[in-house]
1. Find the residue count for segment 202-222, including only residues that are under 18 Å from residue 249 (Cα atoms) and at pLDDT 85 or above.
2. I want to confirm something. Restricting to segment 21-34 and keeping residues that are of a type outside the set (Gly, Ala, Ser) and open to solvent by less than 30 Å² (accessible area, probe 1.4 Å), which single residue is nearest to residue 53 (Cα to Cα)?
3. Could you list all residues from segment 2-43 that are among the hydroxyl-bearing types (Ser, Thr, Tyr) and not in a loop (DSSP other than H, G, I, E, B)?
4. Would you mind stating whether residue 46 is assigned to a helix (DSSP H, G or I) and either in contact with a Pro (Cβ under 7 Å, 6 or more places away or on another chain) or open to solvent by 40 Å² or more (accessible area, probe 1.4 Å) (or both)?
Amino acid sequence: MTTWFITGASRGFGLEIARQALERGDDVVATARDPQAVEKALPGFAEQLLAVALDVTDEQQARDAVEAATARFGGIDVLVNNAGRGLLGAVEEAADAEVRAVFDTNVFGLLAVTRAVLPVMRAQGSGRIVNMSSVGGFVSWPGWGVYCATKFAVEAITESLRFEVGPFGVQAIAVEPGPFRTDFLDPSSLHRTAKEIEGYGDSAGAMRSWADGTNHAQDGDPVKAATAILAVVDTEAMPARLALGAAAVADIEAKLRSARFELDTWREISLTTDYAAG
């Protein structure tokens, strides 16, 4: 039996991962700002489910949640860092407080929970860390610079973690969903910059229109995404990254082609910058 610790488990990917894990007989510590919302969304699993209050930006609360998890189930096999928030707006439009709020949840919150869980996994000599990144952790677009910056950070953290915790029997993966039919584009998850500058109407402004027209009409199926995540967690060796959805695969492939083209185009200049040999 596997014990899961999932942040942001009251909706979206977190809720669906928790549901599928419970349905197959696993134990789940489902954390959220409002644990009652979790219990309401996941009835009938009293023995397997522990709903815990957790604001991931509160490091002491993260430690308390991990302590409650180990007291109830004896350990944590899989950590899913799913809690997150978005910010839509041009880089110039984003106020300092708006930027910090997104980094506090998506980066510093993820780090706080990971620091709380890793001593448990190291002591066990096993564990899986699933960091919910985004295709926006590999590719960025106008209007999404700040949000993507947080997900680029998640990718770097995860890549380093793989090297650092591997000797302890712990694996880490960055999951990169494209547009999925969750509540991500709702105002409760996706915040918008208070300031809008007219000159950015065709870039960030176009993305605001895209978000309005795409909400709850995305191609990605969160149920299938959760199934894929559980399947990868069950494998002997998780990959460093897992793209989810055709749009994510296409965007990543395009970025790789572009990066290769630029590297080849500017290779001669790039190689002139080292000290001369000998």
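1. Restricting attention to segment 202-222, the residues satisfying the condition of being under 18 Å from residue 249 (Cα atoms) are 218-222.
Next, from what is left, pick out any that are at pLDDT 85 or above: 221-222.
Here the count works out to 2.
2. 31
3. Step one: list which residues in segment 2-43 are among the hydroxyl-bearing types (Ser, Thr, Tyr), which gives 2-3, 7, 10, 31.
Residues satisfying the conditions are 3, 31.
4. Details: assigned to a helix (DSSP H, G or I): no; either in contact with a Pro (Cβ under 7 Å, 6 or more places away or on another chain) or open to solvent by 40 Å² or more (accessible area, probe 1.4 Å) (or both): yes.
The answer is no for residue 46.
The values are calculated or read from the model by the stated rules, or taken from the named source; none is laboratory data. Keep in mind that what you see is a predicted model, and the values were worked out from it rather than measured. For neighbour counting, all protein chains shown are included, and Cβ atoms are generated from backbone atoms with ideal geometry for every residue, glycine included. For the accessible areas, the whole protein counts, side chains as well, though only heavy atoms, and no ligand, DNA or RNA atoms are used. Shrake-Rupley method; radii C 1.70, N 1.55, O 1.52, S 1.80 Å.
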